[in-house]
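The values are calculated or read from the model by the stated rules, or taken from the named source; none is laboratory data. A quick note: this is a predicted structure, and the numbers were derived from the prediction, not measured. Cβ placement follows ideal geometry from the backbone for every residue including glycine, while neighbour counts extend to all protein chains displayed.
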Amino acid sequence: MRDIKATFVAFDREITSLEWMRIATLIDSEGCIKLRSAKPTKTSGSKSPVYILEVQVANSDPRMVMWCKAVFGGKVMRRKQASTKHKTMYGWTAFSRRAFAIITGCMDYMLIKREQAEVAVAFMGTVRTRGGWGKTTLTPEVIAEREALKLRMTELKHIEQPAPEGLIDWEDPEKRVTFGKQVQ
């Protein structure tokens, strides 16, 4: 893998072990790791598809995403729901090299999305350290490798993990809730 970290603009301060553990937990539980691609456009100046690594955390409590932004940078967005039955959602996103630095910093603490983090690291190994983002013509081999990694990321998101041995089904003795739905 190329030394991508060397080209990342450092965080504002040293990130503590507790903060790395916290962001790993948030990504594992309330977040996602994405590899996105877009076809080149005339205005992009690229002849190749553009690939972007993203890490996201979303929640209905803005304090969570504001903490992510304060510690790791990135962007925070708000999405008001169309229905009053649902709360407003807040999302935090970090892209590309910043996302890579966050993922490599916290992946040792990940329990659920560790394999996705490894795919993200492999993806960033295909990124040039010099030149503009999206302005480079990629070789067919690099495009094929990135597409394979993107496909692997998608596959990992759809694997259902088997229940551990000895796990018992949860039951509501008053039969008010069954499989997350209210029973009238």
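Give the residue, chosen from LYS87, LYS47, that is modelled with pLDDT of 90 or more and not in a helix (DSSP H, G or I).
Going through LYS87, LYS47 in turn, just one is modelled with pLDDT of 90 or more and not in a helix (DSSP H, G or I): LYS87.
Determine if the stretch 100-110 includes at least one residue that is in a loop (DSSP other than H, G, I, E, B), within 26 Å of TRP20 (Cα to Cα) and modelled with pLDDT of 90 or more.
yes
With respect to the numbered conditions (1) surrounded by fewer than 16 Cβ atoms within 10 Å (Cβ to Cβ); (2) at pLDDT 95 or above; (3) touching a strand residue (DSSP E or B) at 6+ places or on another chain (Cβ under 9 Å), which one is the sole condition not fulfilled by GLY31?
(1)
Residue-by-condition table, conditions (1) charged (D, E, K, R); (2) closer than 30 Å to ILE143 by Cβ:
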{"site": "GLU14", "(1), (2)": "yes, no"}
{"site": "GLU19", "(1), (2)": "yes, no"}
{"site": "LYS39", "(1), (2)": "yes, yes"}
{"site": "LYS47", "(1), (2)": "yes, yes"}
{"site": "MET64", "(1), (2)": "no, no"}
{"site": "LYS87", "(1), (2)": "yes, no"}
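Please indicate, with yes or no, whether at least one residue in the stretch 113-125 is among the β-branched types (Val, Ile, Thr), crowded, with 17+ Cβ neighbours inside 10 Å and more than 15 Å from the chain's Cα centre (by Cα).
Within the stretch 113-125, none of the residues are among the β-branched types (Val, Ile, Thr), crowded, with 17+ Cβ neighbours inside 10 Å and more than 15 Å from the chain's Cα centre (by Cα).
Please work out which one of (1) surrounded by 15 or more Cβ atoms within 10 Å (Cβ to Cβ); (2) touching a residue at least 24 places away in the same chain (Cβ under 8 Å); (3) out of contact with any helix residue (DSSP H, G or I) (no Cβ under 7 Å at 6 or more places or on another chain) is the condition THR88 fails and give its number.
Going through (1) surrounded by 15 or more Cβ atoms within 10 Å (Cβ to Cβ); (2) touching a residue at least 24 places away in the same chain (Cβ under 8 Å); (3) out of contact with any helix residue (DSSP H, G or I) (no Cβ under 7 Å at 6 or more places or on another chain) one by one, THR88 breaks only (1).
Give just the number: which of (1) farther than 20 Å from PHE11 by Cβ; (2) in a strand (DSSP E or B); (3) among the small types (Gly, Ala, Ser) does ALA122 not satisfy?
Exception for ALA122: condition (2).
Among the candidates LYS75, LYS42, which residue alone is under 15 Å from the mean Cα position of the chain (by Cα), exposed (fewer than 15 other Cβ atoms within 10 Å of the Cβ), farther than 22 Å from ARG114 by Cα and not hydroxyl-bearing (Ser, Thr, Tyr)?
None of the others qualify; the one that does is LYS75.
Report, by residue number, each residue of the stretch 153-184 that is at pLDDT 60 or above and among the polar types (S, T, N, Q).
Across the stretch 153-184, the qualifying residues are THR154, GLN161.
I'd like to verify a number: residues in the stretch 50-84 that are part of a strand (DSSP E or B) and of a type in the set (Asp, Glu), how many?
Matching residues across the stretch 50-84 total 1.
Residues of the stretch 94-124 being of a type in the set (Lys, Arg) and under 10 Å from LEU53 (Cα atoms), which ones?
Matches in the stretch 94-124: ARG97, ARG98.
So if I check each of ARG97, ARG146, which one is surrounded by 13 or more Cβ atoms within 10 Å (Cβ to Cβ), under 14 Å from the mean Cα position of the chain (by Cα) and modelled with pLDDT under 95?
ARG97
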